[in-house]
1. All but one of (1) assigned to a helix (DSSP H, G or I); (2) at pLDDT below 90 hold for G113; which doesn't?
2. Which of the following residues is outside any helix (DSSP H, G or I) and modelled with pLDDT under 90: G181, G120?
3. Looking at the stretch 153-178, which of its residues are without any contact (Cβ under 8 Å) to a residue 12 or more places away in the chain and either surrounded by 12 or more Cβ atoms within 10 Å (Cβ to Cβ) or at negative phi (or both)?
4. Taking only pairs six or more apart or across chains, which ones have beta-carbon atoms under 6 Å, a first residue in the stretch 128-142 that is without any contact (Cβ under 8 Å) to a residue 40 or more places away in the chain and in the same structural domain as Q111 (by TED's automatic domain parsing), and a second residue that is in a helix (DSSP H, G or I) and surrounded by 15 or more Cβ atoms within 10 Å (Cβ to Cβ)?
5. Among the residues of the stretch 38-84, how many are among the polar types (S, T, N, Q) and under 30 Å from I182 (Cβ atoms)?
6. With respect to D38, is the statement that it is modelled with pLDDT of 85 or more and either part of a helix (DSSP H, G or I) or closer than 30 Å to T127 by Cβ (or both) true?
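The values are calculated or read from the model by the stated rules, or taken from the named source; none is laboratory data. Not measured: the values here are computed from a predicted model. Cβ: placed from backbone, ideal geometry, glycine included. Neighbour counts: every protein chain shown.
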Amino acid sequence: MTGADLKAMAKKQPIGVACGLIAIACGVMLYLGSDTVDERKSVYDERAKTDKAILANVANSKDLQQQTEAVQHAVKDLEGRLIRGSQLAINLQYFYRLESDTGVKMTDVHQGGAGQPRSGSGKAGYTAIPFAVNIQGNFKQVLDFIQRVENGPRIARFNSVSFQKAVGEGLGPDVFSVSMGIEFLGTP
């Protein structure tokens, strides 16, 4: 086919030729624009993900003031339960008070050195304050002492508890000697 034949055919069927040219133009535009479709799809997916996160934040922020107050109250309660490693007299007084309340005899109590707060633990700097405690008493008194430490106002963890039958002059047959390693949550 020559150029003259194409011109004659275009004059005979102008609608068909116009449709063919439009189809070719659309095919070229689709080929050239296929990359932008993928880009726009990824942009749409990112925006949809962001929109979901924003909607979740809006839904979760409904009770934010009450939740903030609850967390602040919990932190205040926790701060009240901590011991201070530098306040040796007050810390030992806690054990002496337990001794008088439970009726055990405290043979030895001493505070170990406070560990260093973990890095990244924030400004609070919580650490374990270790104590070594040795007591004597009957089984009921000793258990009462242990339960008061465990359920008391301080946050405690027992590392070791060792029961032995107490031996010595003036000690009854039901007297136990107990050695304990206890850590309290506190600040240095």
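1. (1)
2. Exactly one residue qualifies, and that residue is G120.
3. Within the stretch 153-178, V167, E169, P173 meet the criteria.
4. Going by the 6 Å Cβ cut-off, the qualifying pairs are Q141/T102.
5. 1
6. no
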